[in-house]
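Chemist: One structure coming up, written as structure tokens, with questions to follow.
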């Protein structure tokens, strides 16, 4: 029987009817204080969590203040983090713009929030990423007064502001861990949810699968009894039970946009966090290790991608998976599941970017790459290698 490797994105948790999207998280954070839910209060007390530490987060405030103008991306925290980090980097290299904004605000201070919006809009509205620049300029000005930075030079102030921004990102990551851990508590201990039928039902002995998870949650173990030791969490995992000396392994930030190292943006970038948090490359071993059939041949591998958009930002991982499968020369098949035809087209486009158009045509022609609708159990059963 063929080995199974599952590559799971957040669409997997959502298919299991779990409230794990960024939108769910933002809603939770916005309604967190005061804590009135009895189950949430019990959970926080049992885990010794002081939720007041997470009040008025820098990034969540940006989303909430600009929700009406952020369009479809309003709940995508990673995009918001990227915009704010780039705005800070912009001001670090264009200090005169920040000083001009401070002077304009000071000339009419104290002013109402709506008034300062007009002042800053007049300065930045013709530039890229202007919403983030306006937010950073005003937030910098508030801290500029609160922290006494006006007595220091602008380089010192911007560096201190950047430190505060990184600290706010760490607090946001902790709050996300609290939320997802709370969802585990509700879903698996209180509601005791069961697996929802999907194309994955076609897999016999799914509990023996290997998992490459882009999620932080333990859904594969809780619902399908796939051992944690058979799972590699690419971006780390939730773990409120770790000791104080252990690091939070959750990787939460932005992708680097090229090979050049931008030292100002490093703390925000996922590759840096993966190194610091030692998330490793265990997933490669799932492809390298091969079992032998009773005839002495390497068994086939079904690599099923479920709930993942195959975003080119994750191209290095997907390219490595294809490379190892090809190098080992066992019979393999990547099965990409999709929820809608639009999602299928998007996955194909992303694969063409990652692999190249000619290679993708070759792989689909050889049936090494297959597409199956995420709810089509029979369709999945037909394409699984034996």
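Chemist: Would you say residue 54 is closer than 23 Å to residue 170 by Cβ and touching a residue at least 60 places away in the same chain (Cβ under 8 Å)? Quick ask: steps written out before the conclusion?
Modeler: On the way: closer than 23 Å to residue 170 by Cβ: yes; touching a residue at least 60 places away in the same chain (Cβ under 8 Å): yes.
Yes, satisfied.
Chemist: Evaluate the stretch 204-212: report whether one residue or more is assigned by TED's automatic domain parsing to the domain that holds residue 372, surrounded by fewer than 20 Cβ atoms within 10 Å (Cβ to Cβ) and touching a helix residue (DSSP H, G or I) at 6+ places or on another chain (Cβ under 7 Å).
Modeler: yes
Chemist: If a residue has to be more than 20 Å from the chain's Cα centre (by Cα) and surrounded by fewer than 18 Cβ atoms within 10 Å (Cβ to Cβ) to count, how many in the stretch 331-347 make the cut?
Modeler: 6
Chemist: Would you mind stating whether residue 128 is over 33 Å from the mean Cα position of the chain (by Cα) and at pLDDT 75 or above?
Modeler: No; evaluated as a whole, the condition is false for this residue.
Chemist: Given the structure, is residue 196 in contact (Cβ under 8 Å) with a residue 40 or more places away in the chain, farther than 27 Å from residue 312 by Cα and in contact with a helix residue (DSSP H, G or I) (Cβ under 7 Å, 6 or more places away or on another chain)? Break it down stepwise before answering.
Modeler: Values: in contact (Cβ under 8 Å) with a residue 40 or more places away in the chain: yes; farther than 27 Å from residue 312 by Cα: yes; in contact with a helix residue (DSSP H, G or I) (Cβ under 7 Å, 6 or more places away or on another chain): yes.
Against the criterion (in contact (Cβ under 8 Å) with a residue 40 or more places away in the chain, farther than 27 Å from residue 312 by Cα and in contact with a helix residue (DSSP H, G or I) (Cβ under 7 Å, 6 or more places away or on another chain)), residue 196 qualifies.
Chemist: From 324, 353, 317, 288, which residue is surrounded by 15 or more Cβ atoms within 10 Å (Cβ to Cβ) and over 18 Å from the mean Cα position of the chain (by Cα)?
Modeler: Within the list 324, 353, 317, 288, the selection yields 324.
The values are calculated or read from the model by the stated rules, or taken from the named source; none is laboratory data. Keep in mind that what you see is a predicted model, and the values were worked out from it rather than measured. Cβ: placed from backbone, ideal geometry, glycine included. Neighbour counts: every protein chain shown.
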